[in-house]
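Structure first, commentary second.
Read the figures in this text as sums done on the coordinates, not as results from a lab. Quick caveat, the model's predicted, so the values are computed rather than measured. Note: ideal-geometry Cβ built from the backbone for every residue, glycine included; neighbour counts use all protein chains shown.
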Amino acid sequence: MCGRFVLIEDHTGVYSRFFYWKEFSREVWKQLFEEGRVLEVKRNFHIRPTNQVPVITNRDGERELEVMRWGFTPAWYNPDDPKHGRLKDIINARDDGLSSATWRGAIKSRRCLIPASGFYEWPVRGGQPAYIHPPDGRLIAFAGLYETWTDKFTGESTTGCSIITTEPNDFMRPLHWNPERKRMPVVLQSTEAETLWLDPMTNDVDGLKQFFGPIPWDGWTYHMVNKLPNDGADNPKLLDPAEQQARLM
């Protein structure tokens, strides 16, 4: 599974990577903000469930950067129904369960990219986490799904997203403590894959399965870090290597 992740880049890096914008001066960025043409994205070294995260969508044939809650709630969720107890703020969607009622509509028409620099995983329960990332520091894109849920009592609507997970590859398999929950996030491997995933005209769910499964992550690496703070504190030092480095592989 994927329960914590990292975004080292701010809006300049996100727009450059996913919208192919060139680097702008500080004055140009200020003007873009004032005109409401861009959203601010802050670096975050400890993104947790229910945090607000930047997400790339394609609702009308053009990419758009939005901010969503990390936690998917089906539109039909009813908090008064005891059978719906675990259907609020779902952070991961298993690739082998996307045909269920929870995900069926989203996989067809509400797919998104969730930018990240890397993520944390726990090789030992309650122990030090491993920070897992590509070697060149590039931004990656998790394959995500999103949905809007409206609270029937307050009338407030919340749009939340979830990261799709799949069977782990050889690199990831030793990095999760629970053998029954060994999963890894689906990372789209090319800009072409990202475009196809976002394309609203892509409604062949079976065709999307090519992005799932234990696809090798060439060159990826990890290092052990110190335990993450329970209060959700966000600090670049969270990525510093721990003094004690476990040898897992």
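Placing a label point 7 Å from the Cα of Glu192 along the Cα-to-Cβ direction, the residues of segment 124-157 with a backbone N closer than 18 Å are 141. In terms of the Cα gyration tensor, with a ≥ b ≥ c the square roots of its eigenvalues, is segment 165-235 rounded because a/c is under 1.5, prolate because a/b exceeds b/c, or oblate? Prolate, because a/c is 1.5 or more and a/b exceeds b/c. In this structure, Asp240 and Val124 have a Cβ-Cβ separation that, at R0 = 30 Å, corresponds to a calculated FRET efficiency of about 0.95. Please work out the FRET efficiency for the pair Phe19 and Asp151, using the Cβ-Cβ distance as r and a Förster radius of 30 Å; give the result to the nearest 0.05. FRET efficiency, Phe19 to Asp151: 0.40. Which label belongs to the value computed from this structure, given these candidates for Kirkwood radius over Cα pairs in Å: (1) 19.0; (2) 25.9; (3) 18.4? Computing Kirkwood radius over Cα pairs in Å and matching it to (1) 19.0; (2) 25.9; (3) 18.4 gives (1). Taking the chain as a Gaussian network of alpha-carbon nodes connected by springs under 10 Å, the highest mean-square fluctuation of the residues Gln210, Gln52, Gln128 belongs to Gln210.
Segment 139-209 and segment 1-79 have Cα centres separated by 15 Å. Projected label points at Arg26 and Ser100, each 7 Å from Cα along the beta carbon direction, are separated by 4.9 nanometres. Bridgeable lysines around Lys42 (alpha carbons under 23 Å apart, same-chain partners fewer than 8 residues away excluded): Lys22, Lys30, Lys227, Lys237.
Put simply, when 91-97, 12-18, 225-231 are sorted by average Cβ atoms within 10 angstrom per residue, most first, you get 12-18, 91-97, 225-231. Inter-label distance, Val205 to His223: 4.3 nm, where each label sits 7 Å from its Cα along the C-beta direction. In the chain, the DSSP-assigned H stretches of four residues or longer account for a calculated mean residue ellipticity at 222 nm of -3500 deg cm²/dmol, using -39500 (n - 2.57) per stretch and the full residue count as denominator.
Inter-label distance, Trp76 to Leu39: 2.8 nm, where each label sits 7 Å from its Cα along the C-beta direction.
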